[in-house]
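Everything on this sheet refers to the single structure shown next.
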Amino acid sequence: MALGFFWATILLGFFASVLALDIMGLFRRKNHFPVEGRTVLITGGSQGMGRGVAKLLAQKGANVLIVARDVKKLESAVEYIQAAAKSPAQRFHYISADLMNPAESERIMHEAAVWNNNNPPDVVWCIAGSAAPELFLNTPVERHRQLMDSNYWSAAYLAHATLRSWFKPRTPPPATPASTTTTSKSVSETETPVTTKEQSASQAAATPPARHLIFTSSVLAFYPIIGYNGYSPAKAALRSLSDALSQEINLYNGARHHNPSLGPTADVKVHTVFPGTIYTPGYEHENETKPAITKLLEAGDPGQTEDECAAVSVRGLERGEYLITVAFLGSAMRACAWGGSPRGNFLLDTLMTWITSIAWLFIQPDMDKKVWRWGRANGMPKDAKSA
């Protein structure tokens, strides 16, 4: 028994060391998310996380197009983002649009392509969304629908328009007319035949970088807490959409490799980022309606600035991760909720799942007890009593 415990401790220490080295990037040196000279479209780019991401990608050499509703905020944000550009050759633009209108997504992609020399953006990052924390019973039904439109449908509409643009079939090249006169040549008289291996190497060298569709969910998609009952389901739906698309996109990517001359010009990858607390104007607005019990459960949660959140998110993309968390707490919550989602590092992610599943045996009951004790001490919420 003691010997088994000793070796279990050694093994756990080894895995923890490997995990730390992996987090530091020792095993994944390749950049899976190059953006220099490429065009990135970001929704919600006029403030908060969206603005932070746009600024960081401008520093890395990307051409950036941001989307939001408020023109004044957009104009100010473009100036702010452009000031961080790596090169004077980079280009910046904004589009004012209501993302909750499905027709607007088609317009956005059309205008973005026109601005981008008649090519669709290389990266589309859906960050726009909103939260208004409140108890479920105290939230009007119309507001629940609005939260779903703002956080799920706004991204789903744009994803649909984006993928249709990226996977649009190309026109077959015209057939080369046969020559009326032919001259027979022996193999020795013709050019040296190109081998299959050489052809594959040539095609690989000519393969353009993958395009990226990125959703922005929330750690509350892994573990909802009281007060976010109108917000968490929308963010969980985004994760589910991402999982579904990660399978469907494989179909199109495979078809492209089956016939590169007719398929899309590049492979496509899908990702989802799961931020936690970000100190933005939106967060300050949330606290105006947030129930006291929600604030109690969130007490001690580590927050980030928009720039910190952007930096960790982009590092995850550069490592090639699929579900990207921005802090250890988010990673622990993700580990408890992996389900059938594709995993980045199967061994380390599975180990993290085992560890956190045990920890959650204590965390979950503690959270539930806090809520029950709050109800016992304070009684029914005022609005809920009159409902």
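The values are calculated or read from the model by the stated rules, or taken from the named source; none is laboratory data. A quick note: this is a predicted structure, and the numbers were derived from the prediction, not measured. Here Cβ is always computed from backbone atoms with ideal geometry, including for glycine, and neighbour counts include all displayed protein chains.
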Legend entry - Which numbered condition E134 fails, given (1) surrounded by fewer than 18 Cβ atoms within 10 Å (Cβ to Cβ); (2) over 22 Å from the mean Cα position of the chain (by Cα); (3) among the acidic types (D, E): (1)
Inset, instruction - Give G44, G52 a once-over and let me know the one that is buried (at least 21 other Cβ atoms within 10 Å of the Cβ), more than 24 Å from R107 (Cα to Cα) and in contact with a helix residue (DSSP H, G or I) (Cβ under 6 Å, 6 or more places away or on another chain). - result: G52
Inset, instruction - Examine the stretch 143-156 for a residue that is more than 15 Å from N101 (Cβ to Cβ), assigned to a loop (DSSP other than H, G, I, E, B) and modelled with pLDDT under 95, and state whether such a residue exists. - result: no
Inset, instruction - Could you grab the pairs with beta carbons closer than 6 Å, sequence gap of 6+ or different chains, first residue in the stretch 250-275 and aliphatic (A, V, I, L, M), second one in a helix (DSSP H, G or I)? - result: V268/W166; V268/I249; V270/S242; V270/L245; V270/S246; V270/I249; V273/S313
Legend entry - Residue check, V270 in contact with a Leu (Cβ under 8 Å, 6 or more places away or on another chain), within 24 Å of R319 (Cβ to Cβ), surrounded by 21 or more Cβ atoms within 10 Å (Cβ to Cβ) and modelled with pLDDT under 95: no
Legend entry - helices (runs of 4 or more DSSP H) fully within the stretch 309-386 counting 1 or more residues that are of a type in the set (G, A, S) and out of contact with any helix residue (DSSP H, G or I) (no Cβ under 9 Å at 6 or more places or on another chain): 346-378, 382-386
Inset, instruction - Check whether at least one residue in the stretch 49-60 is of a type in the set (K, R), on the phi < 0 side of the Ramachandran plot and over 21 Å from the mean Cα position of the chain (by Cα), and report yes or no. - result: no
Legend entry - Contacts under 7 angstrom Cβ, first residue in the stretch 136-151 being over 19 Å from S217 (Cα atoms) and among the aliphatic types (A, V, I, L, M), partner part of a helix (DSSP H, G or I) and at pLDDT below 95, 6 or more apart: L137/A384
Inset, instruction - Keeping to the stretch 63-93, report how many residues are within 24 Å of W153 (Cα to Cα) and surrounded by 22 or more Cβ atoms within 10 Å (Cβ to Cβ). - result: 5
Inset, instruction - Please tell me if S261 is of a type in the set (S, T, N, Q), within 20 Å of the chain's Cα centre (by Cα) and surrounded by fewer than 18 Cβ atoms within 10 Å (Cβ to Cβ). - result: no
Inset, instruction - Please name all residue pairs, on different chains or six or more residues apart, with Cβ atoms under 6 Å, provided the first residue is in the stretch 288-314 and is touching a residue at least 60 places away in the same chain (Cβ under 8 Å) and the second residue is outside any helix (DSSP H, G or I) and exposed (fewer than 15 other Cβ atoms within 10 Å of the Cβ). - result: T305/Y279
Legend entry - Answer residue from the stretch 287-308, given it is among the polar types (S, T, N, Q) and assigned to a helix (DSSP H, G or I) and is surrounded by the fewest Cβ atoms within 10 Å (Cβ to Cβ) among those: N287
